[in-house]
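Engineer: One structure, pasted below without further comment.
The values are calculated or read from the model by the stated rules, or taken from the named source; none is laboratory data. Everything numeric in this text was worked out from a predicted model, so none of it was measured. Methodologically, a virtual Cβ is constructed for each residue, glycine included, from the backbone with ideal geometry; neighbour enumeration extends over all protein chains shown.
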Amino acid sequence: MNINLTDKALRYFLDTPSTPEELAHDISLCGPTFDKVSKIDGDYLYEIEVITNRIDTASAQGIARDSAAILNQMGIKSKLLHDPYLEKINLYPNLSKTFHFEILDNSLVPRFTAVSLENVGIKDSPKATQSLLTLCGERPINNAVDITNELTLLYGLPGHIFDLDKLATQKLTIRESKNGEEVITLDGQNNKLKGGDLVIEDGAGRLVDLCGVMGGSVAEVDEHTKNILLIFPVYQPSKVRRTSLYLQKRTLASQIYEKQPDTELCLPVLMNAIKLFGERTGSRVSSAVFDSNPTPPKTKEIILDIDWANNLIGIQIPPKTIISILESLGFSTKSKDQNQIICTVPSWRRHDIDIKEDLVEEIARVYGYSKLPPTLPCVNLPPEAKNNLLSTESKIKTLLSSQGFNEVYNNSLISLDLIEKAMLKEASHLKLNNALSKDYEYLRTTLVPSVLQNIKNNQGKTEEPFYLYELSNVYLPTGEKLPRENSMLVIGTTIPFRLTKSYLTLLFEHLSLKKYKFKTSTSSPIYFVEEKTATISSGDSTLGFIGSIKPAILHKLGITSDPIIIELDAQKLVDSISENYIYSPISDFPDVVEQITISSNERVGDIIEKIRSANKLIKDISYLDSFEKNHSFKITFSSPNKNLTQSEVNDIKKTIGALFN
């Protein structure tokens with residue numbers, strides 16, 4: 001997450017002699033990274049990277065707290081100013097008017113504070129506020145709305161305001177949305193909700209706020225507004241994230257809420273908001289403060305052993321320095337014994353600091369990693385275990401590329417349209433809850449539809465036949481949190497079946513797969529034509545399939561050719577490859593090569609096996625062509641002990657012929 005802050009906003013909370021450039025450099029060494037510093041309109045703009053687990057630094061006061069701790073350790077005297085956690089709280093209990101909220105599930109709203117204001121005067125914000133918002137990427141609207149946006153930048157806690165007179169009753173309900181409900185947000189868009197979103201409903205049943213994401217237009221503050229309802233809540237983070245993602249409303253508020261801001265900030269920020277509203281709009285508080293805090297978080301304490309911490313860091317840091325660092329970051333400490341301290345975690349680090357190692361990390365980074373001696377680790381790294389799948393995948397790519405095949409890379413996500421065109425079942429695919437596009441909603445369970453789409457996209461662009469392959473993972477549902485990943489190889493060509501099969505045979509030979517069979521398929525995937533598909537097996541394992549695609553699928557995809565598709569399970573292929581090799585010396589005597597034509601109704605594969613069984617002197621058999629039931633082969637004869645005579649070769653050919661009579 002990246003935020004923009006001005007130097008003036010940061011120095012409201014930080015007293016330091018450092019220049020903006022020095023400040024950015026020094027803090028980046030030990031704290032949040034200042035990616036860029038720019039001088040703009042008499043101020044400096046910092047572009048800061050905030051890591052996800054440190055949402056407390058997504059604000060000027062959070063950056064200032066870290067900066068003061070770091071700079072003091074560098075010998076640069078600095079001080080945190082206007083600490084919100086020291087703010088005096090006034091709940092206005094003497095005001096008789098109260099505003100009621102009904103929170104249907106307290107677990108979804110850990111903290112909710114609200115107050116109503118009257119006599120509000122709407123006008124433009126002061127120029128300094130407009131400049132701050134503009135530089136930080138926010139659009140100035142009016143003095144009321146701008147106060148909540150300014151406080152978000154300063155304190156890291158978003159707030160929202162409603163025109164109180166536009167709400168149907170003085171009682172609001174915070175609940176989860178129902179599937180199909182609609183809310184028009186402040187950007188003018190009508191949003192259809194999926195259900196389970198946090199919303200606020202007024203007495204007339206209207207949705208007036210999409211909690212944590214964007215306010216509703218029903219109670220929008222405008223130039224006629226006189227009475228305001230001001231809220232500073234904290235919502236359940238996963239609910240806000242889900243809503244903002246599927247509606248594609250990645251507001252600053254949603255990015256903060258989804259990372260769990262501190263619930264203890266609500267009242268201090270509300271007090272500052274009341275003060276600013278009084279100064280800038282002339283308003284005054286008209287109700288007691290509503291504060292829902294159903295389950296106040298428990299105090300978290302961690303025992304830290306000083307010697308253990310120093311041993312882990314690798315140097316001896318004085319105990320006084322360790323305590324000083326922790327207290328400057330907001331931790332409170334007390335001695336347990338001579339060498340141990342009890343550290344109380346501040347509320348804004350409650351979700352980040354859990355174990356003693358977390359404390360050591362804070363001590364080391366603020367003390368300065370640059371002060372640690374550079375020592376190479378004395379360890380023996382074990383050799384990496386051989387990964388047969390990766391090495392086999394590399395061999396496959398090398399062989400296919402050398403034969404003129406083109407490797408294609410497709411997205412692991414496909415559309416429902418492509419699933420349906422391939423006659424696959426939607427239910428057998430895992431669907432993303434927050435897909436960015438309908439074209440990329442489902443995880444692939446097969447590579448075949450993507451390769452067919454490649455053929456469709458490229459047909460008509462060349463007269464040459466297609467030689468395509470993709471070697472990638474598919475994702476199969478398991479019923480668990482994560483799918484099972486299978487490495488698959490799909491080859492797609494627009495050349496004849498037997499020629500495509502010859503490339504597959506060459507691949508098997510290259511991989512030293514000796515025992516494999518092609519047989520008529522009886523259970524091929526749904527996209528293959530059953531009677532034009534062969535099952536490829538090795539022993540009891542089915543490696544894959546080779547065959548034609550159903551014409552109905554080709555028609556739906558707009559493919560005018562009749563491609564031949566090979567689909568192989570790469571892991572099963574690896575498991576079938578034997579690592580026990582038998583090497584035969586090259587014969588000192590020349591081979592004899594003859595062509596032979598066999599007339600038979602048997603399958604070509606069965607014919608080849610019969611020919612091979614005729615004599616041990618048959619070294620190699622290559623399929624050439626077929627016409628009706630006549631099949632031509634090139635046969636290589638070889639003997640390791642002598643030159644073969646033509647008479648001996650003819651005798652073997654007669655033996656072969658006799659097998660088919």
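Engineer: List the strands (runs of 3 or more DSSP E) that sit entirely inside the stretch 198-282 and contain at least 1 residues that are among the charged types (D, E, K, R).
Structural biologist: Numbers: elements: 198-201, 207-210, 228-234.
Counting at least 1 such residues, we get 198-201, 207-210.
Engineer: Take His25 and tell me if it is loosely packed, with under 14 Cβ neighbours inside 10 Å and free of Cβ contacts under 8 Å to residues at least 40 places away in the same chain.
Structural biologist: Details: loosely packed, with under 14 Cβ neighbours inside 10 Å: yes; free of Cβ contacts under 8 Å to residues at least 40 places away in the same chain: yes.
The answer is yes for His25.
Engineer: Would you pick out the residues in the stretch 630-654 that are loosely packed, with under 15 Cβ neighbours inside 10 Å, under 24 Å from Lys517 (Cα atoms) and over 56 Å from the mean Cα position of the chain (by Cα)? Spell out how you get there, then give the answer.
Structural biologist: The initial filter retains those residues of the stretch 630-654 that are loosely packed, with under 15 Cβ neighbours inside 10 Å, namely 630, 632, 634, 636, 640-643, 645-647, 650-651, 654.
If we keep only those that are under 24 Å from Lys517 (Cα atoms) too, we end up with 630, 632, 634, 636.
The answer is Asn630, and nothing else.
Yes/no per residue for (1) more than 33 Å from the chain's Cα centre (by Cα); (2) not hydrophobic (A, V, I, L, M, F, W, C):
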| position | (1), (2) |
| --- | --- |
| Leu267 | yes, no |
| Phe277 | yes, no |
| Asp291 | yes, yes |
| Lys298 | no, yes |
| Ile303 | yes, no |
| Asn311 | yes, yes |
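Engineer: Starting from residues that are in a strand (DSSP E or B) and of a type in the set (D, E, K, R), keep the ones in the stretch 291-327 and report whichever is nearest to Tyr367 (Cα to Cα).
Structural biologist: In the first step, residues of the stretch 291-327 are kept if they are in a strand (DSSP E or B); the result is 291-292, 301-305.
Next, from what is left, pick out any that are of a type in the set (D, E, K, R): 291, 301, 305.
Values: Asp291: 39, Glu301: 22, Asp305: 17 Å.
Residue satisfying both the conditions and the ranking: Asp305.
Engineer: Could I ask something else about it? Determine which member of the set Asp35, Asp7, Asp26, Asp43 is under 30 Å from the mean Cα position of the chain (by Cα) and charged (D, E, K, R).
Structural biologist: Result: Asp35 is the single residue among Asp35, Asp7, Asp26, Asp43 that is under 30 Å from the mean Cα position of the chain (by Cα) and charged (D, E, K, R).
Engineer: Does Thr6 satisfy being hydroxyl-bearing (Ser, Thr, Tyr), touching a residue at least 40 places away in the same chain (Cβ under 8 Å) and either within 25 Å of Asn149 (Cα to Cα) or not assigned by TED's automatic domain parsing to the domain that holds Lys127 (or both)?
Structural biologist: Numbers: hydroxyl-bearing (Ser, Thr, Tyr): yes; touching a residue at least 40 places away in the same chain (Cβ under 8 Å): yes; either within 25 Å of Asn149 (Cα to Cα) or not assigned by TED's automatic domain parsing to the domain that holds Lys127 (or both): yes.
Taking the combined requirement at face value, the residue satisfies it.
Let's see how each residue does on (1) of a type in the set (A, V, I, L, M); (2) touching a helix residue (DSSP H, G or I) at 6+ places or on another chain (Cβ under 6 Å); (3) in contact (Cβ under 8 Å) with a residue 12 or more places away in the chain; (4) outside the structural domain of Thr52 (by TED's automatic domain parsing):
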position: Phe232; (1), (2), (3), (4): no, yes, yes, yes
position: Leu247; (1), (2), (3), (4): yes, no, yes, yes
position: Thr263; (1), (2), (3), (4): no, no, yes, yes
position: Cys266; (1), (2), (3), (4): no, no, yes, yes
position: Leu270; (1), (2), (3), (4): yes, no, yes, yes
position: Ser283; (1), (2), (3), (4): no, yes, yes, yes
position: Ala288; (1), (2), (3), (4): yes, no, yes, yes
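Engineer: While we're on this one: Restricting to the stretch 334-346, what's the tally of residues that are crowded, with 18+ Cβ neighbours inside 10 Å and either closer than 19 Å to Asn72 by Cβ or in contact with an Asp or Glu (Cβ under 7 Å, 6 or more places away or on another chain) (or both)?
Structural biologist: At the first step, the residues of the stretch 334-346 found to be crowded, with 18+ Cβ neighbours inside 10 Å are 341, 343, 345-346.
From what's left, either closer than 19 Å to Asn72 by Cβ or in contact with an Asp or Glu (Cβ under 7 Å, 6 or more places away or on another chain) (or both): 343, 346.
The number of residues fulfilling the criteria is 2.
Engineer: Just the residues that are under 26 Å from Phe466 (Cα atoms), hydrophobic (A, V, I, L, M, F, W, C) and outside any loop (DSSP other than H, G, I, E, B), please, taken from the stretch 417-442. Lay out the reasoning, then the answer.
Structural biologist: First pass over the stretch 417-442, keeping only residues under 26 Å from Phe466 (Cα atoms): 417-424, 439-440.
Cutting the leftovers down to hydrophobic (A, V, I, L, M, F, W, C) gives us 418-419, 422-424.
Residues satisfying the conditions are Leu418, Ile419.
Engineer: Considering each residue of the stretch 7-37, count those that are part of a strand (DSSP E or B) and of a type in the set (Asp, Glu), and give that number.
Structural biologist: Residues of the stretch 7-37 part of a strand (DSSP E or B): 14-15, 33-37.
Still in the list and also of a type in the set (Asp, Glu): 15, 35.
Number of matching residues: 2.
Engineer: Here are Leu513, Leu499, Leu543, Leu506: which of them is outside any loop (DSSP other than H, G, I, E, B), surrounded by 17 or more Cβ atoms within 10 Å (Cβ to Cβ), aliphatic (A, V, I, L, M) and outside the structural domain of Arg603 (by TED's automatic domain parsing)? Show your work before the answer.
Structural biologist: Numbers: Leu513 fails: outside any loop (DSSP other than H, G, I, E, B); Leu499 fails: surrounded by 17 or more Cβ atoms within 10 Å (Cβ to Cβ); Leu506 fails: surrounded by 17 or more Cβ atoms within 10 Å (Cβ to Cβ).
Just a single option satisfies the conditions, and that option is Leu543.
Engineer: What are the pairs, 6+ residues apart or on separate chains, where a residue within the stretch 455-473 that is more than 23 Å from Met488 (Cβ to Cβ) and touching a residue at least 60 places away in the same chain (Cβ under 8 Å) has its Cβ under 7 Å from a residue that is assigned to a loop (DSSP other than H, G, I, E, B) and polar (S, T, N, Q)?
Structural biologist: Listed pairs, sorted by first residue: Gln459/Thr560; Gln459/Ser561.
Engineer: With Ser394, Ser370, Ser450 as the choices, which residue is more than 30 Å from Ile303 (Cα to Cα) and surrounded by fewer than 18 Cβ atoms within 10 Å (Cβ to Cβ)? Spell out the reasoning first.
Structural biologist: Numbers: Ser370 fails: more than 30 Å from Ile303 (Cα to Cα); Ser450 fails: surrounded by fewer than 18 Cβ atoms within 10 Å (Cβ to Cβ).
Result: Ser394 is the single residue among Ser394, Ser370, Ser450 that is more than 30 Å from Ile303 (Cα to Cα) and surrounded by fewer than 18 Cβ atoms within 10 Å (Cβ to Cβ).
Engineer: Among the residues of the stretch 86-93, is there at least one that is over 33 Å from the mean Cα position of the chain (by Cα), surrounded by 22 or more Cβ atoms within 10 Å (Cβ to Cβ) and touching a residue at least 12 places away in the same chain (Cβ under 8 Å)? Spell out the reasoning first.
Structural biologist: Initially, the stretch 86-93 is screened for residues over 33 Å from the mean Cα position of the chain (by Cα), giving 86-93.
Those still in the list that are surrounded by 22 or more Cβ atoms within 10 Å (Cβ to Cβ) too: none.
No; the residues of the stretch 86-93 include none that is over 33 Å from the mean Cα position of the chain (by Cα), surrounded by 22 or more Cβ atoms within 10 Å (Cβ to Cβ) and touching a residue at least 12 places away in the same chain (Cβ under 8 Å).
Engineer: Name the single residue, out of those in the stretch 173-197 being in a strand (DSSP E or B) and within 17 Å of Asp105 (Cβ to Cβ), that is nearest to the chain's Cα centre (by Cα).
Structural biologist: The qualifying residue nearest to the chain's Cα centre (by Cα) is Glu176.
Engineer: When you check Arg365 against the structure, is it in contact (Cβ under 8 Å) with a residue 40 or more places away in the chain and under 35 Å from the mean Cα position of the chain (by Cα), yes or no? It would help to see each step written out before you state the result.
Structural biologist: Details: in contact (Cβ under 8 Å) with a residue 40 or more places away in the chain: yes; under 35 Å from the mean Cα position of the chain (by Cα): yes.
Yes: the conditions hold for Arg365.
Engineer: Within the stretch 375-391, take every residue that is surrounded by 10 or more Cβ atoms within 10 Å (Cβ to Cβ) and touching a residue at least 60 places away in the same chain (Cβ under 8 Å) and give me the one that is nearest to the chain's Cα centre (by Cα).
Structural biologist: Leu389
Engineer: Would you check if Gly492 is of a type in the set (Gly, Ala, Ser), closer than 16 Å to Leu554 by Cβ and surrounded by 13 or more Cβ atoms within 10 Å (Cβ to Cβ)? First the steps, then the outcome.
Structural biologist: Numbers: of a type in the set (Gly, Ala, Ser): yes; closer than 16 Å to Leu554 by Cβ: yes; surrounded by 13 or more Cβ atoms within 10 Å (Cβ to Cβ): yes.
Yes: the conditions hold for Gly492.
Engineer: Here is a further query. Among the residues of the stretch 536-566, how many are among the small types (Gly, Ala, Ser) and in contact (Cβ under 8 Å) with a residue 60 or more places away in the chain? Show your work before the answer.
Structural biologist: Taking the stretch 536-566 as the starting set, the residues that turn out to be among the small types (Gly, Ala, Ser) are 537-539, 541, 544, 547-548, 552, 558, 561.
Of the ones still in play, those that are also in contact (Cβ under 8 Å) with a residue 60 or more places away in the chain are 552, 558, 561.
So the answer is 3.
Engineer: Exactly one of these conditions fails for Asp569: (1) over 20 Å from Tyr516 (Cα atoms); (2) assigned by TED's automatic domain parsing to the domain that holds Ser524; (3) of a type in the set (D, E, K, R). Give me its number.
Structural biologist: The failed condition is (1).
Engineer: Can I ask one more? Taking the stretch 380-406 as the search range and keeping residues that are among the aliphatic types (A, V, I, L, M) and part of a loop (DSSP other than H, G, I, E, B), which one is nearest to Ser578 (Cα to Cα)? Show your work before the answer.
Structural biologist: Initial filter on the stretch 380-406 (among the aliphatic types (A, V, I, L, M)): 381, 385, 389-390, 396, 399-400.
Add one more test, that the residue is part of a loop (DSSP other than H, G, I, E, B), and what stays is 381, 385.
Numbers: Leu381: 30, Ala385: 18 Å.
The extreme case among them is Ala385.
Engineer: Here is a list of conditions, (1) assigned to a loop (DSSP other than H, G, I, E, B); (2) out of contact with any strand residue (DSSP E or B) (no Cβ under 7 Å at 6 or more places or on another chain); (3) buried (at least 20 other Cβ atoms within 10 Å of the Cβ), and Ala288 meets all of them except one; can you say which number that is?
Structural biologist: Looking at each condition in turn, Ala288 falls short on (3).
Engineer: If you don't mind, another one. Select from the stretch 162-188 the residues that are surrounded by 15 or more Cβ atoms within 10 Å (Cβ to Cβ), out of contact with any helix residue (DSSP H, G or I) (no Cβ under 6 Å at 6 or more places or on another chain) and in contact (Cβ under 8 Å) with a residue 40 or more places away in the chain and list them in ascending order.
Structural biologist: Narrowing the stretch 162-188 to residues surrounded by 15 or more Cβ atoms within 10 Å (Cβ to Cβ): 162-164, 166-168, 170, 172-177, 181, 183-186.
Now narrow it down to the ones that are out of contact with any helix residue (DSSP H, G or I) (no Cβ under 6 Å at 6 or more places or on another chain): 164, 168, 170, 172-177, 181, 183, 185.
Passing the criteria: Leu164, Gln170, Leu172, Thr173, Ile174, Arg175, Glu176, Thr185.
Engineer: A further question on this structure: Of all residues in the stretch 38-85, how many are of a type in the set (D, E, K, R), surrounded by fewer than 22 Cβ atoms within 10 Å (Cβ to Cβ) and in a helix (DSSP H, G or I)?
Structural biologist: 0
Engineer: Turning to a different aspect of this structure: Limited to the stretch 567-581, what total is found for residues that are in contact (Cβ under 8 Å) with a residue 40 or more places away in the chain and closer than 20 Å to Ser521 by Cα?
Structural biologist: 6
Engineer: Condition first: at pLDDT 90 or above, more than 26 Å from Leu389 (Cα to Cα) and not in a strand (DSSP E or B). Now tell me which residues in the stretch 516-540 satisfy that.
Structural biologist: Ile526, Tyr527
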